[in-house]
Structures are given as structure tokens and as C-alpha cells.
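The values are calculated or read from the model by the stated rules, or taken from the named source; none is laboratory data. Computed from a predicted structure; not experimentally measured. Using ideal geometry, Cβ is built from the backbone for each residue, glycine included, and neighbour counts are taken over all protein chains shown.
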Amino acid sequence: MRKPFLRPLAAVLLLPVAMLTGCGGDSKDGSSGGGAGGNTVKVGILHSLSGTMSISEVTVKNSELMAIDEINAKGGVLGKKIQPVVEDGASDWPTFAQKAQKLIKKDKVATVFGGWTSASRKAMLPVFERNKALLWYPVQYEGLESSPYIFYTGATTNQQIVPALDYLKEKGKKRIYLVGSDYVFPRTANKIIKAYAKANGMTIVGEEYTPLGHTEYSTLVNKIGTAKPDAVFNTLNGDSNVAFFKQFKSAGFDAAKLPVMSVSIAEEEVKGIGVANVQGQLVAWNYYETTPGAVNDAFVKAFQAKYKGAVTSDPMEAGYNAVHLWAAAVQKAGTTDVAAVKKAAAGISLDTPEGKVTIDGENQHVYKTARIGVIQPDGLIKEVWSSGKPIKPDPYLKTYPWATGLS
Amino acid sequence: MSALLEIRGLEVVFDGFRALGGVDLTVEQGELRFLIGPNGAGKTTLIDVVTGLTRPASGTVRFAGTELGGLREHKIVRLGIGRTFQTSVVFEELTVVENLDLAAGFRRPLPTLLRQRRGVSDTVAAALDTIGLGDLADRPAGVLSHGQRQWLEIGMLIAQKPRLLLLDEPVAGMSRDERDRTGELLTEIARDHTVVVVEHDMEFLRRYASQVTVLHEGKVLVEGDVATVQADPRVQEVYLGRTKKEAA
Amino acid sequence: MSARLRGYALFAGVAALFLVVAPLALPAFRLDELAKYLCFAIAALGIGLAWGQGGMLTLGQGVFFGLGGYAMGMYLKLHDAGGDLPDFMVWSGVDKLPALWKPFGNPVFALAAVVVVPVVIATLLGVLVFRQRVRGAYFAILTQALAAAFVILLVGQQGLTGGTNGLTNFYDFFGQDPEADSTQRTTYFVTAIVLGVLYLLARQLVKSRFGRLLVAVRDGEDRVRFLGYNPATVKTITFAISAGMAGIAGALFVPVVGIISPSLLDVVPSLELVVAVAIGGRYTLAGAVLGAVAMNYAKTSFSEQWADGWLYLEGALFIGVMTLAPRGAVGVYEQVRDAIARRRKPVPAPPTASEVPA
Amino acid sequence: MESLLNQLPVGLSIGAVLLLIALGLTFTFGQMGVINMAHGEFIMAGAYTAYMLQDWFHGQAVIVALPVAFVVAGTLGWILERAAIRHFYGRPLDTLLLTWGVSLVLQQAARDLFGAPNVQVTAPSWLSGRVELLGGNLPYARLFIMGLATACVVGIWAYMNRSRQGRRMRAVMQNRELAAVSGVATGRVDQLTFFIGSGLAGVAGVALTLIGPVGPSLGTYYIVDAFLVVVAGGLGQLRGAVIAALALGMLNSYGEFWTDASLAKVIVFVVIVGFLQVRPQGLFVLRSRALT
């Protein structure tokens, strides 16, 4: 009510001033959609800055802001500076949905970078689809999704879980025990793992879920001990990892006796768990701080210059990539218009800290190199295996015969 | 006249302590009975058992032919037994009238409870008149003095229209004037109710009691009219021997 | 009486503010946010009734909010799926619609369940707990544990409930697109009107004999027993009503925000709602509503500016209110009003019954 | 069968953890009727104390931290009691909300002081072994926690029953007015009680660094369980708390063994509600004639 009324009024009042100074002013001001107003392009950053998820998401926010600074330092996109609008999802899924709505409708941002948990993405998805707006989601997830209004710059299952299983198979681990937090990612991941195991002569000797935030693992460790697996596949989330590994270790299990393959532990988490408790254990990601390459060296250096003592990790890198990929797509499209950006994004390739990534125009995921790492005594992760080249994203695992009937 | 309240062989044990050790008591219809005894004699415990607050170890309590054992407090009230407490408990946030209305209302069916109170019912008006708090009818009970609260409690008791009233030390802590006023109130109520009064105050007893039961160490010591009881050497020993002040 | 008239005038004024001014002044998505606060206000109304009037500190209202929300969400999901399985069941590996879901395909059943299920469960719990005279702190802790257990149960049954994700992505809300501006306006009006109606009903309840009885139970449960009432019945009824309100709030929340998930029902959101009621003023229903709207508004606008600081502010506000003004904002307002009235009239004004004016 | 037996020590050790986190509550909640939701954050304070002491004591920080954390958490509790709670006696439900506000502030303060991510507390190397028991093994860390819980119980029992201060505390709890007129300085007793109760939370926090995460949310993981122990055990009853903690530990252990961790928690809740049907005031209850 107020705005449409005030704006013509302001225009009328300002008109004589503009004429007097002989300056036409920016006629696009406020009228062009897609967040490109004046000399700036607004983008939304929507992560949990408070609540339980803030531990993880704040760092992603930081790397995304760093990417924006880098682009602005080089002149921005389309000659305009990128102006981030940061919002707090507060670790609460409905809040994510509402803040997404606010960013789209009030701030009229060109795109949004945000989310971590699957639940937050699922909550935001209808908002973006219905408003035909764009979300860049930077975290590895459980696949089985391909929204036309979301770009997924983290790994889907065939770029993380399947390679991890390939690795375990290669090492002759046949009896696998599945441990996960009770939510969507672990349950879906384990469904895939079970299908894989069936087709590849592996046995699942146990499958256990614990509530989020669970800290009592002696019974579970006891069950694992009884089942005598060759390896544990761990999809626990957050603080539970700390409790699990401490209790696993003190019950006498270490990497040599029983290896654990984790898909949610990055450099950040290793510190909190205590290196002694996870040293030598396996993790599966697409990027480590130690990943070689000039792009990564520069990324790590820049990030640590900005945040003293910080480590870099996969989701941070994927968030950083997302900003650069979007900027490249905008540059190519010549506009921030969503449909044009989507079209331009297909096939875009960038040299990123993890190596070369390419956007798959069909499912809007990216080609990523899978890497298995081992946790080192200094808390960093050393790559011990890699897929060698970027893997084509396949969120529905259509190209894997054993996976038919999963989706 | 038939017995309204019949207590037989009542025993109460608290964590090994025998608070009541086989009490027999009969209260006739229309009677005004005083229950006295030194501290720890079991007077309040006796009332507690009758009203369902305390479970007896053994013995029976019959009220108008109904066995009360095992009934919950509110069920006993619904049979027609009302009581007050040593430390008066009225609802401070509610007005005097609301307190009385609440007391008068337990027989109302639930749906009518959902309606707002309009005006003052006859029962409540009568009770208000009896206790003489008409001027304070619409003030919250929280502003009442100690004595007024005791009267309000008695008023609430009357509004309940019980067949048996149990008053636990109604004049404790009252000024002389208040005691006199309470005594008159008691006499008035006793005209058409059966009343049992637990009391410490000997002077009050002498002025207003007719029938008295003396409890001592959980047992009935003496029973009879005031003169008989006062003359009984055992009573004198219990009171004079232990708490001289009170007997004075 | 003039006080009564003034009450109605105030109510009409607030109603006009919400039904006329706000829709005109606010863009659709802000209106949608306001609708969310109003949903919480409905649940807060229930808490005001149970806690403020009845003294039952229920820290598990999220459970009933959730039951209502899920009943609504299940219907919308089935409606969207149109005979197929809802999307989350597909990726959770469920191949046949669970029996529990079947009746929720019927909108009448689902809408009835929004109220009936919370009421039945609250009644059951109330009968079990109040009959045994579990109360005060015990009751508070039990309801809190109930919320914790309920969330774990919901999250664990992913195929049945959507797990942590909850139910989301609704395409059709009784023939409307839930993300469309017009729908958001409609749901806003519905929510505001439901709140108004429930407020008037609750107010009537508080003013009735039952309401007086409830206050008596709060202040002296044992004494009430000796007036011939069973406090357990009074409390159970009230608890059930407050649960029903939470259920309605949860059901409205689904179209307003577009999601119902366990994170809304957990210990912390349930507690936050109680906090909001305390800050608004627990002894009046208006205070409960005011607190819920104001606190949620403050939370949104604060976290937009100063995300980390919000916790400090919420904590500090809360400590301050509990220590300095236990009757909340409404209590402060009443004190100020009485002080002004006393200054105007040199004659000492009679102490008014300060509780439950509206 | 072998692993079934092995669940026995597991249950005992879960029980020991529950007991340790709930012991402080038997003072603050049991003796004083204060529902201290910040109890979890006092546990957290204990854990961070151990973390801070690592700079000086490295591997042995956990041992040094036990008494230090007792004082640190106790002092926090004492400040809380003096600053706010003493105005709230007789309003237990209000203390619940008040202390919840305090817990929010303490959590955020921890986030600002120590950072949002978890920190690592290194366990002493001599706690890294384990004993073979009933076909499974029991880590020394768990044995240490059991020992610590036992020591705390014995200490509290001795304090309550053998010391003059402890008897005063019980007197105040049973009848505040009477104790006051008998010359007990109830205010001083309250301060001390709160100090001890909060201090015990600090001790529990140190022990928890051996088995769980150390971060700003630490307290929230334990607070509900801790209160359930006290509710099931009966207010202020040491005996009740011990039995309830062990029973719930066993229930958790076997519940999870036969079903899973999620269901085990639900089972625990159902059992407690069922139990309160039989014993509404918990396992042990002090009789009182007062009409509330």
C-alpha cells in the first residue's frame, strides 16, 4: 500500500531536481526485477546463524561472502557490485521457508545461496518453485531430487556414497554395519547402500539409527562388537559423532581394528571429536583442505587470512563454488533473469579448489571428483583414493543397474 | 434420633507412629459436639480420616449409613460432610460472593457451570447474611482479615448445605471480639446443623459447648457434657499436668 | 457497565486493526508472517487458559500443535498425491499407503481430527496424570518429556511422518495455490477470525462459573476438593481445551507457512511459547495473545538484524520479566493504569480485582 | 546371550551418567523446589572448565578439573541464587522459566567465548583401557564415571546425615518457617545448597567430557533426562535418585538393545508415566500434613 503510493510521489517531487541538475538519473532504479537495481545486484544468503545447525552453516556463509567479495573486487557481475542480504534460518525449517519468501518478495534478490540440512531444502523448495526463483544448495545430500529451481553444488549419492562403497569393496570389506542419525539423509543413504551391497556380494550385518543429538552410544557399540563387521558406514550427524567416536574408541575400536567410513565428518568436525579418537578413520568427500592445486592454495590462504585458525571443508568449498558458478552464468546470460541464468548455466565449467566442476544442464547438479580421505594426526585429511575425473551427477542413480526400484 | 456419624475402632499409623489407636465416636443428628485434647491427641487426624484426607489403618467410618472407607474427598463432600481447616484457605483472587457461589455450586451439572454467574443465589445470600460479610461481598477474599476469612470459610461451609459440619479450630488466632462473634455464629449454625468442633480454647469451650469428647494420645479419654468433663480428674491431669497455660 | 463496553470497544478496535488495517498496509508475505504469529497466538491462548487460569504449566503444547498440523498436512499431502503415494513415502521406501493415513484423505475427517485427536490425547493424559495428583513441577517436567518423546517418535517413523523433514511441498490448499498472494491473504483472514472467535469463547469460559472454579483449582486444588468438586475433572477439561486450541493453531500453521515438521513441536518451541505468554502476561488471555504475537515478531525482526544477539535479548527479557514483572506486560500496564487513576482521584480507589479483566 | 549379559554393565554405566547429572538436582530441585533449567549449562560450565585447564595440565586436566569445576559451577549457581532465585521461593514454576532464560544466555555466552564448534578435551591416557567383563568390555572411562558417581553419593550422604550443615539443610527443606524460628539462617542454607547442587553439575560436566561432545549445546542433551530421574526418584531423595537412575539406565540399555535408540527413549517416557500412576510422588516421599 505504502510503496506504490509513495514511489510516484517521490518521482514527482524529484523530477524538477533531476531536470535542474541536468542528470537523467538511473531510469532502471527500482523497476527492473531480478534484484538488479541501481549499481548493485542483491543476492540472498540464507543459513542458520543461530541454533544447533549454526556450527556448520556459519562457515558456509563466510565462504560465500568471501566469494562475493572476490567477485566484487574484480568489478562484480555485469558491471554491478553484488550486495549480499544475509538471513538467519535459525536451524528451523519453517523459518527457512519464510525467510526465503522474504528474500524473494521483499528484497527481490537475484538468487539465494543457502541451506544445509535436507529438511531446510525441502522446506524452501516449494517457495522457490512457486515463485520461480533460484536457490543454490551447497551440501552433499541424499539425491532423488532435481528441482528446476535449485542448483546442487554439493555431491549427490553417486559422487560420494557410491564411490565410498566402491572403495570399501576394493579393500575387501564385505560385512558392513550401518550407523546413522534418525533423519532423511542416513535412511536414504542406507537404502542405497543396501541395494549396492546386495548387488556386490556385501552383507549388511546391522542398521541402527539414533535420535539427533543422541550422546549415549555404549549399547550401539556393544551391538557393533557382537555383529563383528569388517567396516562401519557412518551417517551420524553433528554432536552425535563426538559421542560415538569417543565411546567407540574407548571400547577398544580403532581404525586398524574396525574402520569407519564417515560421510558427514569434515575438517571442522575432527577438532571437536578429538583427533586421537578418529585418527586413521575414513571419510568420503569431494574436497579436502589438502587437495592439491593452485586454486585451492589461494582459496585456503584467502580464507585463513580472513578467519584465523579456520580450516576449510567440503561444504564451504561447495558454497564458494556456487557463488562463482552463479556469477559466471549471469555473465554469460548478460542478465540476472532466472530463466536466462538457468539456460546459461548449463555446461558452465570452472576451475575450483576441488578441481574442475561443470554444471549438468539436465539435472542442475555439478560434475564432481569423488575423494576418499584418511584423517591424519594433525587433524587434516589426506586423500588416499580419487575417482580421477569428475563424475557425472546422477541424483536418481539411473545409470546404476543395481539401483533400479530405489526411486 | 439416629446416629449421623459412627466411628468404630479407628486406627491411623504414620510411619510407625500411632496417631489414632482405636477410636469410637458417635455423633447424633442435630448435635453440637466439641472435640478437645492436648496437642498430638489426634483431633485433626480424626477429621482428616472422616473427610478422606487420611487413610486409616483399620476401623470404619459410617455416615448416615454409608461406609466412607476408600471414598475420595470430593465424593465424601457430595454425601454431605463439610469441613474447614486450621489455617483458613479461601480463594484470594475470587470475591467473597464468588467464593460462596463456588461452595454452593458443586451440585450444579457441568453445562450450567459454563454460564456466567448472574446475581446472587438465595443460598449464597443466606450464607452471606449469616456470616455478616454483606458489605464486602464483591471484594476479593484476599483483602479480608484473618477473622473474616474464618467466617467466610464457615459461610462457604453453610453454602455447601452439608448434613455434618466439621470445624477445625475455628477461633485459633482470633481476637476476643472475633471469638465472640464466631461463637454466636456457631450457636446460630448449630440450630439447624450437626456440627463437630475441634477446639483448643477452653474458655470458648465453656461458653459454647454442650457435648464434649476428650481425646488423648489417640484414644477417647472421656465423653459427656461440659461440666462432667471438666470435673473429670483424668482430664484435669491431661491438661494441668502437661499444658498448664491452656487449662488456665 | 462502562468497563464492559470499553472491553468490547477495545476488542472491536483490535479486530479492525487486524482485519482491515493490517491487510491494507502490509504486503502479502508480511501478512503471511503475521498469520504465523497469530497461529502461535492461538496456541498461546490455550496456554493462557491452562497455565494462567488453571495453573498447569504445560511445556508440551508442541505435541498438540503438531497433532493438529499433521492431521491437516496428511490431508493436503493425500489430496496433492491424488491417489498415489505422497512424495516422501516414495523416497522413504514405503510402497503402500499406511492404514493410519487412509482416513485422512477425507477432508471432513481430517478437519475433525485436527481438534479431536489432540483433545482425546490430552484427555487421556490428563485423566492418568491429574487423577494421581501429579501437578506443579512434576506435571511441567512430564509434559516436557512428552514433547521430547513425541518428537523422537515422529522423526523415527520417517515412512509414516516424513521424519525430520516433516510434511511440506503442498500444491493445493482447498483449491488454491498455497504460495499465491491471494491464498495467503485468505489464510490470514481465516487465522485472524479463528483467533478472534476462540478468544471470545475462552473469555466466556474464564468469566463463567467454570472459570472461577478453575482459578480456585489453581490457587487451592486441595481446598476445592473439599468444596465437592473433583479438581482432576476440571483440569482435564481445561487441558483438553487448550490442547484443542493448539491443534487448531497447528492446522492453520500448515497452509500459512507451508510446512509442519518435528522441529516445531520440540521442547524449545514449546517452551518459547510459554515464555511468550509469561512476557505478555499470563493471568489474562489478552496478555497471552499479545505476548505470542510480540515475541514472535521480535524474534523475526531481531534475527534479521542481529542473529546471535537474539538469544541474549530473549534470555535477558525473560529474566527481567520473571524477576521484576511476573504478571507480564499486561500486569505492568495495569499497575501504571491504577497509579494514574489514583493520582487523578485523591480518594483512595478501592483495590480492584486485578485478575482476569479480559 | 553373551551380549545380553554385556548390556548389564552398559545399563549400570548409563545409570551412573544419569545419576551424576541428576545428583545436583536432588539439592536444587529436591531440597529447594527450584526447577533449574540452567542445570544443563552448569554441566556445560564444568566441561569447559576441563577444557580450559588443558592448557596447564594437558592429559591430567580432567582430574584437576573435578574440584575446580565444582567451584566454578557452584559459584555460577550461587550467583544465580543470590541475583534472582531467592526472590522466587514458593514459586517453583516461575523458577523454571527464569532459569530457562538464564540457560539461553549461558549457551550464547559459551558460543561467544569458546566458539560454536565442539572443543576437544583429552582424556588421561590411563583412562583409555578397558576390562573384559561378561564377554564384553567395560572402558575405564565408564568405570571412572561409576566410581565418581558412587563417591558423590557417599559424599552427599555423609554430608546430609553426618554434618551439622547437612542437618540444617534438611531442616530447612522439611519446614522452612520452623527452621527459621529455630535459629537456622535459612538464607545462608539456601546459598550453600544451591552452591553444592550446581557444583555437582560441574563435576558431572567434567565426567561427560570423557564420553560426549563438549560444546555450547551440551546441557540441552541431558537436562530432560536429569529431571526425569528426580521425578521418578522422588523429591530430594538421594536413595530414590540412585535407584531411579539405575533403573532408567537399565531400561535405556535393554530398551535400546531390543528395539532401537529412538524407541528406547519413548519406552522410558511411557514407563515413567505408568510408574507415576502407582507412585505419584516418585519412589520415596516425605510425608507431610500440610495442605498445599
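Among the listed residues C:Ile237, C:Ile248, identify the single one that is surrounded by fewer than 24 Cβ atoms within 10 Å (Cβ to Cβ) and either under 20 Å from C:Ala122 (Cβ atoms) or not aromatic (Phe, Trp, Tyr) (or both). Step by step, each of C:Ile237, C:Ile248 is checked, and only C:Ile237 is surrounded by fewer than 24 Cβ atoms within 10 Å (Cβ to Cβ) and either under 20 Å from C:Ala122 (Cβ atoms) or not aromatic (Phe, Trp, Tyr) (or both).
For D:Thr193, state whether it is away from chain A (no Cβ under 14 Å), polar (S, T, N, Q) and crowded, with 24+ Cβ neighbours inside 10 Å. Criteria met by D:Thr193. Considering the range D:264-277, the residues that are farther than 16 Å from D:Val230 by Cβ and within 7 Å of chain C (Cβ to nearest Cβ) include one that is surrounded by the most Cβ atoms within 10 Å (Cβ to Cβ), namely D:Lys265.
Within the range C:258-274, can one find any residue that is in contact with a strand residue (DSSP E or B) (Cβ under 6 Å, 6 or more places away or on another chain) and either modelled with pLDDT of 85 or more or of a type outside the set (Val, Ile, Thr) (or both)? Yes, the range C:258-274 contains a residue that is in contact with a strand residue (DSSP E or B) (Cβ under 6 Å, 6 or more places away or on another chain) and either modelled with pLDDT of 85 or more or of a type outside the set (Val, Ile, Thr) (or both). Before we move on, is C:Leu128 at negative phi and not in a helix (DSSP H, G or I)? No; evaluated as a whole, the condition is false for this residue. Listed by first and then second residue, the pairs linking a residue in the range C:68-92 that is polar (S, T, N, Q) to a residue that is surrounded by 21 or more Cβ atoms within 10 Å (Cβ to Cβ), with Cβ atoms under 6 Å apart and 6 or more places separating them unless they lie on different chains, are C:Ser92/C:Gln158.
Of all residues in the range B:109-122, how many are in a loop (DSSP other than H, G, I, E, B) and within 7 Å of chain C (Cβ to nearest Cβ)? Total meeting the criteria: 3. So which residues in the range D:231-246 are assigned to a helix (DSSP H, G or I) and over 10 Å from D:Leu18 (Cα atoms), if there are any at all? Within the range D:231-246, D:Val231, D:Ala232, D:Gly233, D:Leu238, D:Arg239, D:Gly240, D:Ile243 qualify. Checking each residue in the range C:142-165 for being in a loop (DSSP other than H, G, I, E, B) and either in contact with an Asp or Glu (Cβ under 9 Å, 6 or more places away or on another chain) or in contact (Cβ under 8 Å) with a residue 40 or more places away in the chain (or both) picks out only C:Gly162.
The residue list D:Thr150, D:Thr122 contains one member that is crowded, with 16+ Cβ neighbours inside 10 Å and among the hydroxyl-bearing types (Ser, Thr, Tyr), which is D:Thr122. Would you be able to say whether some residue in the range C:278-295 is more than 9 Å from every other protein chain (Cβ to nearest Cβ), under 23 Å from C:Leu125 (Cα atoms) and either among the β-branched types (Val, Ile, Thr) or in a helix (DSSP H, G or I) (or both)? No, every residue in the range C:278-295 fails to be more than 9 Å from every other protein chain (Cβ to nearest Cβ), under 23 Å from C:Leu125 (Cα atoms) and either among the β-branched types (Val, Ile, Thr) or in a helix (DSSP H, G or I) (or both). Count of the range C:93-113 residues, restricted to those that are within 14 Å of another protein chain (Cβ to nearest Cβ) and either in contact with an Asp or Glu (Cβ under 7 Å, 6 or more places away or on another chain) or without any contact (Cβ under 8 Å) to a residue 40 or more places away in the chain (or both), is 1.
Residues in the range C:183-216 that are among the β-branched types (Val, Ile, Thr) and more than 30 Å from C:Gly258 (Cα to Cα): C:Val206, C:Val215. Considering the range B:148-248, the qualifying helices (runs of 4 or more DSSP H), each wholly inside and each with 2 or more residues that are more than 26 Å from B:Gly52 (Cα to Cα) and among the aromatic types (Phe, Trp, Tyr), run over B:202-208. In the range A:118-140, the residues that are within 11 Å of another protein chain (Cβ to nearest Cβ) reach residues that are of a type in the set (Lys, Arg) with C-beta atoms within less than 8 angstrom, at least six apart or across chains, in these pairs: A:Asn131/A:Lys105. If you filter the range B:74-90 down to residues that are facing chain C (nearest Cβ under 7 Å) and within 20 Å of B:Met174 (Cα to Cα), you find that the one that is surrounded by the fewest Cβ atoms within 10 Å (Cβ to Cβ) is B:Val89.
Take the conditions buried (at least 20 other Cβ atoms within 10 Å of the Cβ) and either touching a residue at least 60 places away in the same chain (Cβ under 8 Å) or more than 21 Å from B:Thr44 (Cβ to Cβ) (or both) and apply them to B:Gln150. Does it pass? Against the criterion (buried (at least 20 other Cβ atoms within 10 Å of the Cβ) and either touching a residue at least 60 places away in the same chain (Cβ under 8 Å) or more than 21 Å from B:Thr44 (Cβ to Cβ) (or both)), B:Gln150 qualifies.
Considering A:Ser50, A:Ser27, which residue is in a loop (DSSP other than H, G, I, E, B), modelled with pLDDT under 85 and closer than 28 Å to A:Ser147 by Cα? Every option except A:Ser50 fails the conditions.
Taken residue by residue, the range C:166-189 has at least one member that is surrounded by 24 or more Cβ atoms within 10 Å (Cβ to Cβ), assigned to a strand (DSSP E or B) and not aliphatic (A, V, I, L, M).
Filtered by the rule that a residue be modelled with pLDDT of 90 or more and over 22 Å from C:Asp177 (Cα atoms), the range A:88-116 gives A:Asp107, A:Val109, A:Ala110, A:Thr111, A:Val112, A:Phe113, A:Gly114, A:Gly115, A:Trp116. Only one of the numbered conditions (1) within 12 Å of another protein chain (Cβ to nearest Cβ); (2) β-branched (Val, Ile, Thr); (3) under 17 Å from the mean Cα position of the chain (by Cα) is not met by B:Val96, and that is (3). You will find that of D:Gly101, D:Gly136, D:Gly166, the residue that is free of Cβ contacts under 8 Å to residues at least 12 places away in the same chain and crowded, with 21+ Cβ neighbours inside 10 Å is D:Gly101 and no other.
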